[in-house]
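What follows is a set of notes on a single structure, which appears directly below.
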Amino acid sequence: MRVGLGVVHGRSMEPTLYDGDRLLLLHGVRPRIGRLAVVRLPDGVVAVKRVVRREADGWWVERDNPAVGVDSWSVGALPDQAVVARVVGLVWPPGGRGRRLLGARGPRHTR
């Protein structure tokens, strides 16, 4: 287990996270349902997603912004090795602009 930092790029996790937000990460730990994790998508892109559930073939992850980004609705469940880190907290901006990061559930969307 090791600690790291990450920077959000893009809009797929709005309104929970915004482009440029800095995150505290914990590598080498199991993701938690309902929380955020850094994952490697099948195309190689590393992204922050919300862990929704565990399935037989991996982790089902979703974006909080249904209008932008890629998640399990388009690529399916992600295998264990695709989970890069668990998001522990928001480092910047201070106070998180009033947003709840951990344990918060973003807007639900279905297809």
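When a/c is below 1.5 the answer is rounded, else prolate if a/b is larger than b/c, else oblate, so apply that to segment 1-89 with a ≥ b ≥ c taken from the square roots of the Cα gyration tensor eigenvalues. In terms of gyration-tensor shape, oblate.
Contour minus end-to-end for residue 75 and residue 54, with contour as 0.36 nm per residue of separation and end-to-end as the Cα-Cα distance?
6.1 nm
Stretching residue 45 away from residue 7 to a fully extended chain increases their span by 12.3 nm, per 0.36 nm per residue minus the current alpha-carbon distance.
Compared with the direct C-alpha span, the chain from residue 19 to residue 91 gains 24.6 nm at full extension, assuming 0.36 nm per residue.
Quick note: the coordinates plus some simple rules give every number you see, no bench work behind them. Note that the structure is a prediction, hence the values are computed from the model and not measured.
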